[in-house]
Amino acid sequence: MLGQTLGNYRIIGALGRGAMGHVYLAEHTRINRRAAIKVLSPTLTTDPQLVSRFLDEARATSSIRHPGIVEVFDCDVDATGRVYLVMEYLEGRTLAARLEADGPLPWPEACGIARQIALATAAAHREGIVHRDIKPENIFLSAAADQPKDVTVKILDFGIAKLLSGDASSPRRTVPGALLGTPFYMAPEQCDGAEHLDRRADIYSLGCLLFQMIKGEPPFKGTQTREIIVAQMFQPPPPLGPVDPPTPRWLDALVARMLAKQPAMRPATMEVVARVLARANGSSAGRAGESKVDGGLLPRLRRALRAHRPRTGFDVAIVGATAALTLAVGGLWASQGAAPNEKPPVVRPLSVAAVQAQPQPRPTDLPRPEPVAAAPAAPAPPSSPDGGAPSMASPSPPPRQLLPARRASRSARSLPARPARPVVEMDGLVDI
(Lines give C-alpha, C1' and ligand atoms only; values in the text may rest on other atoms or scores of the structure.)
Protein backbone atom coordinates (compact mmCIF):
# COMPACT_ATOMS: atom_id res chain seq x y z
CA MET A 1 0.00 0.00 0.00
CA LEU A 2 3.01 2.30 -0.11
CA GLY A 3 2.14 5.53 -1.98
CA GLN A 4 -1.60 4.91 -1.80
CA THR A 5 -3.98 7.41 -0.24
CA LEU A 6 -6.62 6.82 2.42
CA GLY A 7 -8.72 9.89 2.92
CA ASN A 8 -6.35 12.81 3.38
CA TYR A 9 -3.35 10.63 4.25
CA ARG A 10 -0.72 9.07 2.02
CA ILE A 11 0.94 5.82 3.09
CA ILE A 12 4.74 6.26 3.39
CA GLY A 13 5.84 3.20 5.40
CA ALA A 14 4.88 0.10 7.39
CA LEU A 15 4.85 0.08 11.21
CA GLY A 16 3.55 -3.33 12.20
CA ARG A 17 0.88 -5.95 12.02
CA GLY A 18 -1.88 -6.86 14.46
CA ALA A 19 -4.53 -9.50 14.87
CA MET A 20 -7.08 -7.61 12.83
CA GLY A 21 -4.94 -5.78 10.26
CA HIS A 22 -1.82 -3.80 9.41
CA VAL A 23 -0.52 -0.49 10.77
CA TYR A 24 1.13 1.99 8.40
CA LEU A 25 2.93 5.29 8.72
CA ALA A 26 1.06 8.00 6.83
CA GLU A 27 1.36 11.71 6.24
CA HIS A 28 -1.35 14.30 5.76
CA THR A 29 -1.37 15.52 2.17
CA ARG A 30 -1.89 19.20 3.12
CA ILE A 31 -0.34 19.90 6.53
CA ASN A 32 2.39 17.20 6.47
CA ARG A 33 1.24 15.86 9.82
CA ARG A 34 2.26 12.28 10.44
CA ALA A 35 -0.17 9.67 11.69
CA ALA A 36 -0.53 5.93 12.13
CA ILE A 37 -3.23 4.27 10.04
CA LYS A 38 -4.64 0.90 11.04
CA VAL A 39 -6.26 -0.91 8.11
CA LEU A 40 -8.58 -3.86 8.69
CA SER A 41 -7.46 -7.02 6.95
CA PRO A 42 -9.32 -7.51 3.63
CA THR A 43 -10.28 -11.05 4.63
CA LEU A 44 -12.20 -9.66 7.62
CA THR A 45 -14.13 -6.92 5.86
CA THR A 46 -16.72 -9.44 4.71
CA ASP A 47 -17.73 -10.10 8.34
CA PRO A 48 -20.12 -7.35 9.46
CA GLN A 49 -19.54 -8.19 13.11
CA LEU A 50 -15.77 -7.74 12.82
CA VAL A 51 -16.21 -4.49 10.93
CA SER A 52 -18.52 -3.23 13.66
CA ARG A 53 -16.02 -4.20 16.36
CA PHE A 54 -13.24 -2.46 14.42
CA LEU A 55 -15.27 0.75 14.26
CA ASP A 56 -16.16 0.37 17.95
CA GLU A 57 -12.46 0.74 18.68
CA ALA A 58 -12.52 4.24 17.23
CA ARG A 59 -15.62 5.07 19.23
CA ALA A 60 -14.20 3.68 22.47
CA THR A 61 -10.78 5.27 22.10
CA SER A 62 -11.98 8.72 21.09
CA SER A 63 -14.50 8.90 23.94
CA ILE A 64 -11.92 8.47 26.71
CA ARG A 65 -9.64 11.46 25.97
CA HIS A 66 -6.80 10.62 28.31
CA PRO A 67 -3.10 11.32 27.66
CA GLY A 68 -2.29 7.69 28.45
CA ILE A 69 -4.50 6.36 25.63
CA VAL A 70 -3.64 6.71 21.98
CA GLU A 71 -5.73 9.38 20.25
CA VAL A 72 -7.90 8.54 17.24
CA PHE A 73 -8.37 11.30 14.65
CA ASP A 74 -10.66 9.66 12.12
CA CYS A 75 -12.19 6.40 10.88
CA ASP A 76 -13.87 5.62 7.55
CA VAL A 77 -14.51 3.14 4.75
CA ASP A 78 -13.10 4.14 1.39
CA ALA A 79 -14.60 3.52 -2.05
CA THR A 80 -12.83 0.16 -2.37
CA GLY A 81 -14.25 -1.13 0.90
CA ARG A 82 -11.12 -0.73 3.00
CA VAL A 83 -11.85 0.05 6.66
CA TYR A 84 -9.24 2.13 8.48
CA LEU A 85 -8.51 4.16 11.60
CA VAL A 86 -6.28 7.25 11.75
CA MET A 87 -4.38 7.51 15.06
CA GLU A 88 -1.58 9.66 16.47
CA TYR A 89 1.90 8.59 15.52
CA LEU A 90 4.12 7.56 18.45
CA GLU A 91 7.89 7.25 18.50
CA GLY A 92 9.31 4.57 20.71
CA ARG A 93 8.70 0.85 21.16
CA THR A 94 6.21 -1.47 22.73
CA LEU A 95 6.65 -2.95 26.17
CA ALA A 96 6.98 -6.36 24.53
CA ALA A 97 10.00 -5.15 22.56
CA ARG A 98 11.49 -3.61 25.69
CA LEU A 99 11.15 -6.85 27.70
CA GLU A 100 12.55 -8.91 24.85
CA ALA A 101 15.59 -6.65 24.48
CA ASP A 102 16.35 -5.77 28.12
CA GLY A 103 14.75 -8.56 30.14
CA PRO A 104 13.04 -7.99 33.50
CA LEU A 105 12.75 -4.47 34.84
CA PRO A 106 13.69 -3.26 38.33
CA TRP A 107 10.57 -3.28 40.42
CA PRO A 108 10.44 0.54 40.93
CA GLU A 109 10.48 1.07 37.15
CA ALA A 110 7.90 -1.68 36.63
CA CYS A 111 5.66 -0.05 39.24
CA GLY A 112 5.97 3.31 37.48
CA ILE A 113 4.86 1.82 34.16
CA ALA A 114 2.05 -0.16 35.79
CA ARG A 115 0.83 2.96 37.58
CA GLN A 116 0.49 4.89 34.30
CA ILE A 117 -1.40 1.94 32.82
CA ALA A 118 -3.70 1.88 35.86
CA LEU A 119 -4.48 5.60 35.62
CA ALA A 120 -5.21 5.43 31.89
CA THR A 121 -7.35 2.31 32.26
CA ALA A 122 -9.22 3.95 35.14
CA ALA A 123 -10.22 6.74 32.74
CA ALA A 124 -11.60 4.13 30.34
CA HIS A 125 -13.51 2.45 33.16
CA ARG A 126 -15.13 5.76 34.08
CA GLU A 127 -16.48 5.88 30.53
CA GLY A 128 -17.87 2.35 30.91
CA ILE A 129 -15.18 0.70 28.74
CA VAL A 130 -13.21 -2.43 29.67
CA HIS A 131 -10.11 -3.02 27.55
CA ARG A 132 -10.01 -6.84 28.01
CA ASP A 133 -6.64 -7.23 26.26
CA ILE A 134 -3.96 -5.54 28.38
CA LYS A 135 -0.66 -7.13 27.34
CA PRO A 136 2.90 -6.00 26.50
CA GLU A 137 2.12 -5.70 22.78
CA ASN A 138 -0.62 -3.14 23.53
CA ILE A 139 1.52 -0.94 25.80
CA PHE A 140 3.64 1.64 23.98
CA LEU A 141 6.59 3.35 25.64
CA SER A 142 7.84 6.69 24.40
CA ALA A 143 10.50 8.95 25.88
CA ALA A 144 11.82 12.40 25.11
CA ALA A 145 15.28 12.66 23.58
CA ASP A 146 16.58 14.87 26.42
CA GLN A 147 15.03 12.71 29.19
CA PRO A 148 15.25 9.06 28.14
CA LYS A 149 14.45 7.77 31.64
CA ASP A 150 11.06 9.53 31.77
CA VAL A 151 8.87 7.03 29.95
CA THR A 152 5.36 7.94 28.82
CA VAL A 153 2.89 5.07 28.52
CA LYS A 154 0.21 4.83 25.84
CA ILE A 155 -2.40 2.06 25.72
CA LEU A 156 -3.17 0.75 22.25
CA ASP A 157 -5.75 -1.48 20.60
CA PHE A 158 -9.25 -1.20 22.03
CA GLY A 159 -10.40 -3.56 19.30
CA ILE A 160 -12.07 -6.04 21.65
CA ALA A 161 -13.07 -3.50 24.27
CA LYS A 162 -16.40 -4.13 25.95
CA LEU A 163 -18.73 -1.15 26.10
CA LEU A 164 -20.51 -1.51 29.43
CA SER A 165 -22.74 1.50 28.85
CA GLY A 166 -23.75 0.64 25.31
CA ASP A 167 -27.27 0.93 24.01
CA ALA A 168 -29.30 -2.20 24.73
CA SER A 169 -30.93 -1.93 21.32
CA SER A 170 -27.60 -2.00 19.47
CA PRO A 171 -26.61 -5.27 17.79
CA ARG A 172 -24.57 -7.71 19.90
CA ARG A 173 -20.84 -7.48 19.16
CA THR A 174 -19.68 -10.54 21.13
CA VAL A 175 -20.68 -14.14 20.59
CA PRO A 176 -21.75 -15.72 23.92
CA GLY A 177 -19.07 -18.12 25.17
CA ALA A 178 -16.41 -16.83 22.77
CA LEU A 179 -12.91 -16.33 24.15
CA LEU A 180 -11.56 -12.90 23.29
CA GLY A 181 -8.15 -11.90 24.61
CA THR A 182 -4.67 -13.28 25.12
CA PRO A 183 -4.61 -16.39 27.39
CA PHE A 184 -1.46 -15.33 29.26
CA TYR A 185 -3.27 -12.24 30.59
CA MET A 186 -6.94 -13.28 30.70
CA ALA A 187 -8.87 -13.22 33.96
CA PRO A 188 -10.44 -16.52 35.13
CA GLU A 189 -13.96 -15.27 34.40
CA GLN A 190 -12.79 -14.20 30.95
CA CYS A 191 -11.29 -17.67 30.35
CA ASP A 192 -14.63 -19.16 31.38
CA GLY A 193 -16.35 -17.28 28.56
CA ALA A 194 -18.34 -14.99 30.83
CA GLU A 195 -20.35 -12.53 28.81
CA HIS A 196 -20.48 -9.80 31.44
CA LEU A 197 -17.02 -8.59 32.43
CA ASP A 198 -16.28 -5.58 34.56
CA ARG A 199 -13.21 -3.50 35.34
CA ARG A 200 -11.76 -6.18 37.62
CA ALA A 201 -10.88 -8.26 34.57
CA ASP A 202 -8.47 -5.49 33.52
CA ILE A 203 -7.07 -5.42 37.08
CA TYR A 204 -6.24 -9.12 36.78
CA SER A 205 -4.58 -8.57 33.38
CA LEU A 206 -2.49 -5.73 34.79
CA GLY A 207 -1.45 -8.02 37.65
CA CYS A 208 -0.18 -10.57 35.11
CA LEU A 209 1.65 -7.81 33.24
CA LEU A 210 3.25 -6.41 36.40
CA PHE A 211 4.37 -9.91 37.37
CA GLN A 212 5.99 -10.36 33.95
CA MET A 213 7.76 -7.00 34.07
CA ILE A 214 9.42 -7.95 37.37
CA LYS A 215 10.05 -11.68 36.81
CA GLY A 216 10.56 -11.69 33.03
CA GLU A 217 7.77 -14.22 32.39
CA PRO A 218 4.00 -14.32 32.92
CA PRO A 219 2.69 -15.96 36.10
CA PHE A 220 0.95 -18.83 34.29
CA LYS A 221 2.70 -20.61 31.46
CA GLY A 222 1.98 -23.50 29.15
CA THR A 223 2.64 -24.88 25.72
CA GLN A 224 -1.03 -25.06 24.72
CA THR A 225 -3.89 -22.62 25.04
CA ARG A 226 -6.01 -25.10 26.98
CA GLU A 227 -3.21 -25.62 29.52
CA ILE A 228 -2.82 -21.87 30.08
CA ILE A 229 -6.57 -21.36 30.50
CA VAL A 230 -6.81 -24.16 33.08
CA ALA A 231 -3.92 -22.60 35.01
CA GLN A 232 -5.56 -19.18 34.94
CA MET A 233 -8.81 -20.61 36.27
CA PHE A 234 -7.61 -23.06 38.94
CA GLN A 235 -3.92 -22.72 39.85
CA PRO A 236 -3.01 -20.37 42.73
CA PRO A 237 -0.92 -17.37 41.72
CA PRO A 238 2.81 -17.91 42.24
CA PRO A 239 4.76 -15.49 44.45
CA LEU A 240 7.17 -13.03 42.95
CA GLY A 241 10.01 -14.85 44.69
CA PRO A 242 13.61 -13.64 44.88
CA VAL A 243 14.48 -10.83 42.48
CA ASP A 244 17.18 -8.18 42.38
CA PRO A 245 16.52 -5.72 43.92
CA PRO A 246 14.18 -7.49 46.39
CA THR A 247 10.55 -6.46 46.20
CA PRO A 248 8.91 -4.94 49.30
CA ARG A 249 6.15 -6.79 51.11
CA TRP A 250 3.46 -4.33 50.06
CA LEU A 251 4.21 -5.05 46.39
CA ASP A 252 4.04 -8.81 46.93
CA ALA A 253 0.67 -8.38 48.63
CA LEU A 254 -0.64 -6.13 45.84
CA VAL A 255 0.27 -8.57 43.05
CA ALA A 256 -1.31 -11.43 45.00
CA ARG A 257 -4.53 -9.43 45.39
CA MET A 258 -4.62 -8.48 41.72
CA LEU A 259 -4.22 -12.15 40.73
CA ALA A 260 -7.03 -13.40 42.98
CA LYS A 261 -9.31 -15.91 41.25
CA GLN A 262 -12.48 -14.33 42.61
CA PRO A 263 -13.12 -10.79 41.28
CA ALA A 264 -14.41 -9.68 44.68
CA MET A 265 -11.00 -10.41 46.23
CA ARG A 266 -9.15 -8.05 43.88
CA PRO A 267 -8.70 -4.30 44.40
CA ALA A 268 -11.98 -2.52 43.75
CA THR A 269 -10.74 0.00 41.17
CA MET A 270 -7.69 0.92 39.16
CA GLU A 271 -7.43 4.12 41.20
CA VAL A 272 -6.74 1.97 44.28
CA VAL A 273 -4.04 0.08 42.37
CA ALA A 274 -2.45 3.36 41.24
CA ARG A 275 -2.38 4.73 44.80
CA VAL A 276 -0.58 1.65 46.09
CA LEU A 277 1.89 1.66 43.21
CA ALA A 278 2.71 5.31 43.97
CA ARG A 279 4.60 4.07 47.05
CA ALA A 280 7.43 3.03 44.72
CA ASN A 281 8.29 6.72 44.17
CA GLY A 282 8.12 7.71 47.84
CA SER A 283 10.99 8.01 50.25
CA SER A 284 9.72 4.97 52.14
CA ALA A 285 9.87 2.60 49.17
CA GLY A 286 11.69 -0.68 49.50
CA ARG A 287 13.17 -2.29 52.56
CA ALA A 288 14.28 1.02 54.03
CA GLY A 289 10.68 2.16 54.24
CA GLU A 290 9.64 -1.03 55.92
CA SER A 291 12.24 -0.55 58.64
CA LYS A 292 10.74 2.87 59.40
CA VAL A 293 7.21 1.56 59.51
CA ASP A 294 8.17 -1.46 61.59
CA GLY A 295 10.30 0.56 64.02
CA GLY A 296 9.57 0.99 67.70
CA LEU A 297 10.28 -0.83 70.93
CA LEU A 298 7.56 -3.46 70.86
CA PRO A 299 8.30 -4.68 67.31
CA ARG A 300 11.99 -4.98 68.22
CA LEU A 301 11.05 -7.00 71.29
CA ARG A 302 8.87 -9.26 69.18
CA ARG A 303 11.73 -9.91 66.81
CA ALA A 304 14.10 -10.56 69.71
CA LEU A 305 11.70 -12.99 71.33
CA ARG A 306 11.17 -14.81 68.06
CA ALA A 307 14.94 -15.05 67.58
CA HIS A 308 15.43 -16.43 71.10
CA ARG A 309 12.44 -18.75 71.28
CA PRO A 310 12.26 -20.12 74.85
CA ARG A 311 12.30 -23.88 75.29
CA THR A 312 11.63 -24.28 79.04
CA GLY A 313 9.84 -22.45 81.82
CA PHE A 314 13.14 -21.15 83.19
CA ASP A 315 14.02 -19.73 79.77
CA VAL A 316 10.59 -18.07 79.57
CA ALA A 317 11.21 -16.39 82.91
CA ILE A 318 14.64 -15.12 81.84
CA VAL A 319 13.49 -13.75 78.48
CA GLY A 320 10.36 -12.23 80.00
CA ALA A 321 12.32 -10.58 82.80
CA THR A 322 14.76 -9.12 80.26
CA ALA A 323 11.88 -7.69 78.20
CA ALA A 324 10.25 -6.23 81.31
CA LEU A 325 13.57 -4.67 82.32
CA THR A 326 13.87 -3.10 78.87
CA LEU A 327 10.43 -1.52 79.17
CA ALA A 328 11.17 -0.31 82.71
CA VAL A 329 14.46 1.32 81.70
CA GLY A 330 12.78 3.04 78.74
CA GLY A 331 9.96 4.36 80.92
CA LEU A 332 12.36 5.56 83.63
CA TRP A 333 14.46 7.34 81.02
CA ALA A 334 11.41 9.12 79.65
CA SER A 335 10.15 10.06 83.14
CA GLN A 336 13.46 11.66 84.08
CA GLY A 337 13.21 14.05 81.15
CA ALA A 338 15.90 12.90 78.79
CA ALA A 339 17.17 15.34 76.21
CA PRO A 340 15.27 15.29 72.87
CA ASN A 341 18.28 14.03 70.91
CA GLU A 342 19.49 11.64 73.60
CA LYS A 343 18.59 7.99 73.17
CA PRO A 344 17.80 5.67 76.08
CA PRO A 345 20.30 2.97 76.84
CA VAL A 346 19.78 -0.22 74.90
CA VAL A 347 19.16 -3.30 77.00
CA ARG A 348 19.51 -6.28 74.73
CA PRO A 349 17.60 -9.45 75.59
CA LEU A 350 19.72 -12.32 76.83
CA SER A 351 19.70 -15.49 74.85
CA VAL A 352 19.42 -18.92 76.45
CA ALA A 353 23.08 -19.61 75.67
CA ALA A 354 24.11 -16.39 77.38
CA VAL A 355 22.12 -17.25 80.49
CA GLN A 356 23.67 -20.71 80.68
CA ALA A 357 27.17 -19.25 80.19
CA GLN A 358 26.88 -17.02 83.27
CA PRO A 359 28.76 -18.29 86.40
CA GLN A 360 26.58 -20.26 88.76
CA PRO A 361 26.87 -19.73 92.56
CA ARG A 362 28.97 -22.32 94.43
CA PRO A 363 27.74 -24.06 97.56
CA THR A 364 30.41 -22.27 99.62
CA ASP A 365 29.02 -18.86 98.53
CA LEU A 366 25.56 -19.59 99.85
CA PRO A 367 24.48 -18.17 103.24
CA ARG A 368 24.85 -20.64 106.03
CA PRO A 369 21.65 -21.67 107.77
CA GLU A 370 21.14 -20.40 111.27
CA PRO A 371 21.93 -23.01 113.96
CA VAL A 372 19.00 -24.87 115.33
CA ALA A 373 18.68 -24.69 119.11
CA ALA A 374 19.18 -28.02 120.82
CA ALA A 375 16.13 -29.51 122.43
CA PRO A 376 16.09 -29.60 126.25
CA ALA A 377 17.40 -32.79 127.71
CA ALA A 378 14.80 -35.29 128.59
CA PRO A 379 14.37 -36.03 132.27
CA ALA A 380 16.19 -39.11 133.48
CA PRO A 381 14.01 -42.12 133.65
CA PRO A 382 13.03 -43.25 137.07
CA SER A 383 15.27 -45.90 138.45
CA SER A 384 14.04 -49.15 139.65
CA PRO A 385 13.30 -49.50 143.30
CA ASP A 386 16.43 -51.47 143.77
CA GLY A 387 18.64 -48.86 142.06
CA GLY A 388 19.33 -51.01 139.05
CA ALA A 389 18.49 -50.59 135.41
CA PRO A 390 15.33 -48.79 134.47
CA SER A 391 12.16 -50.74 134.16
CA MET A 392 11.27 -52.13 130.76
CA ALA A 393 7.72 -51.02 131.29
CA SER A 394 8.63 -47.34 130.75
CA PRO A 395 11.17 -47.06 127.89
CA SER A 396 12.62 -43.62 127.10
CA PRO A 397 11.35 -41.94 123.85
CA PRO A 398 13.81 -41.73 120.87
CA PRO A 399 15.54 -38.38 120.32
CA ARG A 400 13.28 -37.17 117.46
CA GLN A 401 14.06 -33.52 118.19
CA LEU A 402 17.33 -33.73 116.24
CA LEU A 403 15.67 -34.86 112.95
CA PRO A 404 14.73 -31.33 111.76
CA ALA A 405 18.28 -30.17 112.36
CA ARG A 406 19.68 -32.92 110.17
CA ARG A 407 17.23 -32.05 107.40
CA ALA A 408 18.21 -28.40 107.56
CA SER A 409 21.87 -29.29 107.36
CA ARG A 410 21.29 -31.53 104.31
CA SER A 411 19.28 -28.78 102.54
CA ALA A 412 22.06 -26.29 103.21
CA ARG A 413 24.57 -28.45 101.41
CA SER A 414 22.37 -28.80 98.25
CA LEU A 415 22.28 -26.33 95.32
CA PRO A 416 19.73 -23.52 95.47
CA ALA A 417 16.37 -24.29 93.94
CA ARG A 418 15.40 -22.57 90.70
CA PRO A 419 13.38 -19.41 91.09
CA ALA A 420 9.64 -19.52 90.70
CA ARG A 421 8.37 -19.45 87.15
CA PRO A 422 6.37 -16.24 86.78
CA VAL A 423 3.80 -15.95 84.03
CA VAL A 424 4.94 -13.11 81.78
CA GLU A 425 2.17 -11.37 79.88
CA MET A 426 3.41 -8.46 77.81
CA ASP A 427 1.19 -7.45 74.91
CA GLY A 428 0.94 -11.03 73.79
CA LEU A 429 4.67 -11.31 73.20
CA VAL A 430 5.20 -14.40 75.36
CA ASP A 431 2.65 -17.13 75.23
CA ILE A 432 3.06 -19.85 77.82
Just to be sure I understand the model, the point goes 7 Å from the Cα along the line to the Cβ. What's the resulting A97 to R65 distance in nm? 3.1 nm
Order the following by accessible area, largest value first: K221, K261. Probe radius 1.4 Å; ligands, DNA and RNA are ignored. K221, K261
Roughly speaking, what is the stretch gain from V243 to L2, that is 0.36 nm per residue apart minus the C-alpha to C-alpha distance, in nm to one decimal? 82.2 nm
Can you pick out the pairs among K38/K215; K38/K221; K38/K261; K154/K221; K135/K261 whose Cα atoms lie more than 23 Å from each other? K38/K215; K38/K221; K38/K261; K154/K221
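What shape does region 193-258 take by its C-alpha gyration tensor, where a ≥ b ≥ c are the square roots of the eigenvalues and a/c under 1.5 counts as rounded, a/b above b/c as prolate, and the rest as oblate? Walk me through the numbers before you get to the answer.
Working: a/c = 2.41, a/b = 1.44, b/c = 1.67.
Cα axes put region 193-258 in the oblate bin.
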Which value in nm describes the separation of the simple spin-label points at V77 and R30, placed 7 Å from the Cα toward the beta carbon? 2.5 nm
Would you rank T121, T269 by solvent-accessible area, highest first, keeping every protein chain in place and using a 1.4 Å probe? T269, T121
5 angstrom amide H check on L15, placed H, neighbours 5+ away: V23, Y24, L25
Calculated from backbone phi, Karplus (6.51, -1.76, 1.60) coupling profile of region 122-135 in Hz, x at Gly/Pro: 4, 5, 5, 5, 5, 8, x, 10, 10, 5, 6, 8, 6, 7
How large is the dipole of region 44-144 about the Cα centre if only Lys and Arg carry +1 and Asp and Glu carry -1, each at its Cβ, rounded to the nearest 20 debye? 340 debye
Expressed as a whole number of Å, what is the distance separating the alpha-carbon centroids of region 1-48 and region 198-221? 31 Å
Expected output is a single nm value to one decimal: the length gained when fully extending between V272 and T152, i.e. 0.36 nm times separation in residues minus the C-alpha distance. What is it? 41.1 nm
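The values are calculated or read from the model by the stated rules, or taken from the named source; none is laboratory data. Quick caveat, the model's predicted, so the values are computed rather than measured. FYI the Cβ positions are ideal-geometry reconstructions off the backbone, even for glycines, and counts take in every protein chain you see. Side chains included, ligands, DNA and RNA excluded: accessible areas come from the protein's heavy atoms. Shrake-Rupley method; radii C 1.70, N 1.55, O 1.52, S 1.80 Å.
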